[in-house]
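Enquirer: Structure incoming, see below.
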Amino acid sequence: MRQVTLQIAFDPGGWSDDRRHKIEELFDSLAPTWPTDDTPDGTAPVVEVPLTDALDRGLPLAPPAERNRAIDLGGGNGRATGYLLSRFADVALTDLSFEMLSRVRPALVPRVQADSSQLPFRSGSVDVLMLANMFLFPSEAARVVAPQGVVIWINSWGPNTPIHLTAQEVDEALPGDWSGVAANAGDGTWSVHWRSTQLGT
Ligand SMILES: C[S@@+](CC[C@H](N)C(=O)[O-])C[C@H]1O[C@@H](n2cnc3c(N)ncnc32)[C@H](O)[C@@H]1O
């Protein structure tokens, strides 16, 4: 999966119809047992810790901007979406897998079945593009993120996450000049990325 993640991020031919079908089938099959992070034993949910840390400590370091519209990209069953809902006015979740989407609590947010290599969003219309354990499609991510917007990258298990990129790899993969901030939190890692042009550099 690490190899596939790197190919999708760096190789223009890294995403094909064949690969899309295989990935869709894979996550459809995983959906019934995908963790919900409703942890009755009180253990820390694996996405919550890095995501809330990124929102609490990382996002305030981005150049100031009004940020209302957030997307949980490849949001799966929506286990992380609630943490965006508590911070942003307008939140949606997209995923390739119908079986994942069908498990999102319906009232939570609008759900959109879409391939992140071709998003159904206007250019520059997204203030916060959040990817938790999800492939990075750099051109499409950069297209939809507003000039003052941010990309938030979460890996629940840090470098042990199957779909993992370092913060530096995310910066390098995104077209144009990006910079940001990164940290460890719990078992995970996070990074928040913004366009360097926002800093006047
Ligand atoms: C490892 S899961 C992570 C799900 C969720 N973000 C989480 O942390 O629980 C990766 C998700 O990305 C979705 N996905 C994979 N490729 C995608 C694509 N091209 N477009 C949209 N979603 C995709 C999968 O269906 C799956 O739900």
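The values are calculated or read from the model by the stated rules, or taken from the named source; none is laboratory data. Everything numeric here is computed off the predicted structure, so don't read it as measured data. Don't worry about glycine lacking a Cβ; one is built from the backbone with ideal geometry, like all the others, and counts go over all protein chains shown.
Enquirer: I need the full set of residues from region 27-56 which are assigned to a helix (DSSP H, G or I) and either more than 17 Å from the chain's Cα centre (by Cα) or at pLDDT below 85 (or both), in order please.
Expert: 28, 29, 30, 31, 32, 33
Enquirer: Next up: Just checking, which of 67, 87 is in a loop (DSSP other than H, G, I, E, B), more than 22 Å from residue 184 (Cβ to Cβ) and either within 16 Å of the ligand (Cβ to nearest atom) or of a type outside the set (Phe, Trp, Tyr) (or both)?
Expert: When all the criteria are applied, what remains is 67.
Enquirer: Of all residues in region 146-193, which are assigned to a strand (DSSP E or B), away from the ligand (no atom under 15 Å from the Cβ), more than 13 Å from the chain's Cα centre (by Cα) and not aliphatic (A, V, I, L, M)?
Expert: 147, 148, 149, 178, 179, 180, 184
Enquirer: Looking at region 82-128 only, could you name the residues that are more than 22 Å from residue 32 (Cβ to Cβ) and among the hydroxyl-bearing types (Ser, Thr, Tyr)?
Expert: Answer for region 82-128, where residues must be more than 22 Å from residue 32 (Cβ to Cβ) and among the hydroxyl-bearing types (Ser, Thr, Tyr): 83, 86, 116, 117, 123, 125.
Enquirer: Exactly one of these conditions fails for residue 14: (1) surrounded by 15 or more Cβ atoms within 10 Å (Cβ to Cβ); (2) within 10 Å of the ligand (Cβ to nearest atom). Give me its number.
Expert: (2)
Enquirer: Something else now. Mind checking whether some residue in region 154-161 is of a type in the set (Val, Ile, Thr) and surrounded by fewer than 20 Cβ atoms within 10 Å (Cβ to Cβ)?
Expert: No; the residues of region 154-161 include none that is of a type in the set (Val, Ile, Thr) and surrounded by fewer than 20 Cβ atoms within 10 Å (Cβ to Cβ).
Enquirer: Can residue 179 be described as without any contact (Cβ under 8 Å) to a residue 24 or more places away in the chain, farther than 16 Å from residue 6 by Cβ and among the hydroxyl-bearing types (Ser, Thr, Tyr)?
Expert: yes
Enquirer: Applying the selection to region 90-135, what residues are more than 27 Å from residue 12 (Cα to Cα), away from the ligand (no atom under 11 Å from the Cβ) and over 14 Å from the mean Cα position of the chain (by Cα)?
Expert: If the condition is that a residue be more than 27 Å from residue 12 (Cα to Cα), away from the ligand (no atom under 11 Å from the Cβ) and over 14 Å from the mean Cα position of the chain (by Cα), then 90, 102, 105, 106, 107, 108, 109, 110, 111 are the ones that fit.
Enquirer: So for region 133-145 (the condition being at pLDDT 95 or above, more than 25 Å from residue 1 (Cα to Cα) and part of a strand (DSSP E or B)), does at least one residue qualify?
Expert: The answer is yes; a qualifying residue exists.
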